[in-house]
1. So, with +1 on the Cβ of K and R and -1 on the Cβ of D and E, and no other charges, what is the size of the charge dipole of the chain about its Cα centre, to the nearest 20 debye?
2. With a/c under 1.5 counting as rounded, go ahead and sort the range 7-151 into rounded, prolate or oblate using the C-alpha gyration tensor (a ≥ b ≥ c being the square roots of the eigenvalues; past the cut-off, prolate if a/b is larger than b/c, else oblate).
3. Which Cα, out of L183, A59, G30, lies furthest along the positive dipole direction of the chain (beta carbon charges, K/R +1, D/E -1)?
4. Below 8 Å between Cα atoms, with a sequence gap of 6+, how large is the relative contact order for the chain in percent?
5. With axes computed from alpha carbons, what is the tilt in degrees of helix 138-151 against the longest principal axis of the chain, rounded to the nearest 10 within 0 to 90?
6. Could you run the Karplus curve 6.51 cos²θ - 1.76 cosθ + 1.60 with θ = phi - 60° over the range 90-102 and give me ³J(HN,Hα) per residue in whole Hz, x for Gly and Pro?
7. Find the relative contact order for the range 7-151 and round it to a whole percent, using C-alpha pairs within less than 8 Å whose residues are 6+ positions apart.
8. Answer rounded, prolate or oblate for the range 181-245, using the Cα gyration tensor with square roots of eigenvalues a ≥ b ≥ c: rounded when a/c is under 1.5, else prolate when a/b is larger than b/c, else oblate.
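Just so it is clear, none of the values below were taken in a lab; they were calculated from the coordinates. Predicted model only: the values in this text are computed from it and were never measured. All Cβ positions, even for glycine, are placed from backbone atoms using ideal geometry, and neighbour counts span all protein chains on display.
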Amino acid sequence: MAKQAQQQPRVVAAASDGACSGNPGPGGWGALLRFEDGTERELGGAAERTTNNRMELEATLRLYEALADLPRHPDLAIRTDSKYVIDGLTRWLPNWKRKGWVTAARKPVLNRDLWEALDAARLADVPLRYVKGHSGDPDNDRVDAIAVAFSQGRSPRLANGPSAPAAPEPSVQPQADPAPPALVALLGRLELADRLARGGYSLTTAELAQLVEQPMRQLEQRSGPWRWRDWEVHPQDGSGWRLERCASGSDGRA
C-alpha cells in the first residue's frame with residue numbers, strides 16, 4: 001500500500017449496487033466506503049444504454065479499484081444484493097476461464113470485458129457478502145438510491161464527492177418542507193436497531209459502528225454493557241454485540 005494510504009483510517013464497510021431503467025436501457029451504479037473514524041465516501045456513475053447486470057459488475061469493479069490502495073479492516077466485506085456478481089466470481093469464473101470463456105451451454109460469456117476486469121481487480125482479503133435488496137439494510141438502500149438516481153439521469157449528492165443541486169420540481173400548491181436528510185437517515189437507523197433487538201441478532205463491531213455512527217476504535221475499548229439511545233448494547237464474549245430495548249424509565253448512559 002502507498003505510504004499516504006497507511007496514514008488513513010481503515011475501511012470498515014463497503015457496499016455496491018447497480019440499476020437500469022429498462023433492461024437494456026439507461027443505467028447507473030453506486031458504491032460506498034465507510035471508515036473507522038466515522039467518515040464515508042460515495043461513488044457513482046451512469047451509462048447511456050446498458051443492462052442491470054453490467055451495472056452491478058461496474059459497481060463492484062469500481063469499489064475494488066477504490067479499495068486497492070486503502071487500509072482495510074480484516075473483517076471487511078463488500079455487501080451486495082447481486083447473486084449474479086457473487087456466483088460469477090465464486091463459482092462460474094474458474095470454469096469460464098478454463099473453457100475459453102464459454103458457458104456450460106457452449107455460448108460466449110456475456111459481459112466478458114467486465115468479468116475479466118473484475119477478476120484482475122478483486123482483492124483476496126475482501127470477500128463479497130450477500131444482503132437481500134430492499135430489506136432495510138441502510139448501506140444497501142443508499143447505494144441502490146445512488147444507482148437509481150444515475151439511471152434516471154439525476155445527479156445525487158455524494159459524500160466526499162461532486163454534487164449537483166436537484167432541479168426544482170413544478171408544484172401547483174405549496175408543500176411542506178421535506179424532512180432533513182439527516183433526520184430521515186436517523187429514523188432508518190432507529191427502525192433497524194429495533195428490528196435487530198426484537199430478532200436477537202448479533203452484530204460485528206464493524207456493523208455496530210455503522211449503526212451507531214461511532215469509530216470502531218471507540219467501540220473496541222468498551223468491555224461491558226452500555227446504552228445507545230433507547231437500547232442497551234451487550235458484548236457477547238468477544239464475538240460481537242447484541243441490542244436490547246431499554247426498559248421504560250432507564251437512566252443508562254451511552
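1. It comes to approximately 820 debye.
2. Oblate shape, in that a/c is at least 1.5 and b/c is the bigger or equal ratio.
3. Value: A59.
4. This gives 21 percent for the chain.
5. 40 degrees
6. 9, 10, 7, 4, x, 5, 4, 5, 5, 8, x, 6, 10
7. Answer for the range 7-151 is 35 percent.
8. It comes out oblate by the Cα gyration axes.
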